[in-house]
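Below: one structure, written as structure tokens.
The values are calculated or read from the model by the stated rules, or taken from the named source; none is laboratory data. All figures in this text were calculated on a predicted structure; none of them were measured in a lab. Glycine also receives a Cβ, built like all others from the backbone with ideal geometry; neighbour counts cover every protein chain displayed. Accessible surface is based on the protein model in full, side chains and every heavy atom, while ligands, DNA and RNA are left aside. Shrake-Rupley method; radii C 1.70, N 1.55, O 1.52, S 1.80 Å.
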Amino acid sequence: MKCKSCPVGVCSWSLRTDVPGVAQAMKEVGLQHVHLGVRAAVEDGSGKVFDTIKAQKWTITCTMIDFPTEDYSTLDTIKVTGGVVPDQHWESNRKLFQGAAQVTAQLGVKFLSMHAGFIDESNKAMVEKVQTRIRTLADIAKDNGLTLLLETGQEAAVDLRHFLEKLKHQSVGVNFDPANMILYDKGDPIEAVRTLSPWIRHLHVKDAVRTAKPGTWGSEVPWGDGQVGIERFLAVLGEVGFKGAMAIEREAGDNRLGDIKLAAQRLKAACK
């Protein structure tokens with residue numbers, strides 16, 4: 001499936017199943033592209049998970065690495081546990097990222113995504129620490145022929161742009177998630193696309209409704225039922241000349257496969 005010449009796939013972790021289960025779900029939805037979580041492949045010492053991935057007849061547009069110490073229970077918990085922020089887990093997370101980079105390269109994929117963690121412009125020491133660590137990971141990505149994609153949402157787009165401009169690393173880009181801008185209450189996703197367009201290489205198809213209580217999560221909803229706006233989102237992608245892949249992501253609800261099918265249908269209809 002394509003939308004305005006852009007491949008449309010699915011985020012593997014949205015389906016909460018193993019590799020064959022993801023492949024089967026993709027057939028049901030009619031998708032051939034996947035944004036693939038690779039932590040299981042990195043942690044599996046037998047190589048069976050990697051071999052199963054290699055055996056699939058799909059196209060991996062990007063891989064993703066998450067860290068087992070990340071706690072998304074509240075905005076406060078993810079702020080201190082997300083990405084490269086926690087000092088006590090930095091070395092183990094660096095090694096996990098290195099393994100993910102090696103797996104990604106072996107799969108022939110050029111993008112590896114992750115959350116950097118909150119970039120707090122008001123805390124100069126914290127920003128410098130995160131920049132140093134992201135530069136370390138970006139160097140690992142470069143050494144493996146990859147581009148590290150930082151996912152949006154945990155900071156305002158202008159703050160992420162400033163971070164990237166100061167970082168000045170050619171092996172760092174952005175995986176844009178419009179719903180995260182709403183879930184974290186970090187601004188308008190449409191304006192964020194314009195702000196970050198020079199770095200956007202890949203994106204998520206996900207929707208949300210903003211919280212009415214500052215400091216709490218917004219609510220993720222099926223694509224097209226929230227505040228992103230399908231038509232205006234596709235319009236701004238055209239405006240900035242986005243040519244990368246789109247991956248449908250669903251991280252809430254009791255009918256994820258059904259919601260992913262609905263997202264594919266709505267996206268296909270809007271892309272005509």
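Ala192 falls short on exactly one of the conditions (1) part of a helix (DSSP H, G or I); (2) touching a strand residue (DSSP E or B) at 6+ places or on another chain (Cβ under 8 Å); (3) closer than 17 Å to Arg250 by Cβ, and that condition is (3). Being without any contact (Cβ under 8 Å) to a residue 60 or more places away in the chain and either open to solvent by 20 Å² or more (accessible area, probe 1.4 Å) or not β-branched (Val, Ile, Thr) (or both) is true of Glu231. Take the residues of region 52-92 that are touching a Leu at 6+ places or on another chain (Cβ under 9 Å) and among the polar types (S, T, N, Q): which is least open to solvent (accessible area, probe 1.4 Å)? Residue satisfying both the conditions and the ranking: Thr63.
Determine, yes or no, whether Val19 is among the β-branched types (Val, Ile, Thr) and under 23 Å from Ile140 (Cα atoms). Against the criterion (among the β-branched types (Val, Ile, Thr) and under 23 Å from Ile140 (Cα atoms)), Val19 does not qualify.
The set of residues in region 108-135 being small (Gly, Ala, Ser) and open to solvent by 50 Å² or more (accessible area, probe 1.4 Å) consists of Gly108, Ser122, Ala125.
For the condition touching a residue at least 40 places away in the same chain (Cβ under 8 Å), crowded, with 19+ Cβ neighbours inside 10 Å and of a type in the set (Gly, Ala, Ser), what is the one hit in Ala138, Ala101, Ala105? Within the list Ala138, Ala101, Ala105, the selection yields Ala101. All of Gly173, Gly215 fail the test of being over 25 Å from Asp259 (Cα atoms) and in a strand (DSSP E or B), apart from Gly173. Could you grab me the full set of residues in region 232-261 that are more than 20 Å from the chain's Cα centre (by Cα) and within 17 Å of Val10 (Cβ to Cβ)? Passing the criteria: Asn255, Gly258. Residue count for region 226-272 satisfying the condition of being within 22 Å of Val209 (Cβ to Cβ) and part of a helix (DSSP H, G or I): 22. Determine whether region 109-127 contains at least one residue that is without any contact (Cβ under 8 Å) to a residue 24 or more places away in the chain and either hydroxyl-bearing (Ser, Thr, Tyr) or under 22 Å from Glu249 (Cβ atoms) (or both). For region 109-127, residues without any contact (Cβ under 8 Å) to a residue 24 or more places away in the chain and either hydroxyl-bearing (Ser, Thr, Tyr) or under 22 Å from Glu249 (Cβ atoms) (or both): present. Of all residues in region 105-139, which are acidic (Asp, Glu) and in a helix (DSSP H, G or I)? Glu128, Asp139, listed by residue number. Scanning region 36-48 for residues being open to solvent by less than 70 Å² (accessible area, probe 1.4 Å), farther than 17 Å from Arg250 by Cα and either within 21 Å of the chain's Cα centre (by Cα) or among the charged types (D, E, K, R) (or both) gives a total of 6. Looking across Val34, Val42, Val19, one residue alone is in contact with a helix residue (DSSP H, G or I) (Cβ under 6 Å, 6 or more places away or on another chain) and either of a type in the set (Lys, Arg) or closer than 19 Å to Ala263 by Cα (or both). It is Val34.
Inspection of region 166-177 finds a residue satisfying the criterion of being farther than 16 Å from Ile119 by Cβ, of a type outside the set (Asp, Glu) and free of Cβ contacts under 8 Å to residues at least 40 places away in the same chain.
Taken over region 13-35, the criterion of being free of Cβ contacts under 8 Å to residues at least 40 places away in the same chain and under 21 Å from the mean Cα position of the chain (by Cα) is satisfied by Thr17, Asp18, Val19, Gly21, Val22, Ala23, Met26, Gln32.
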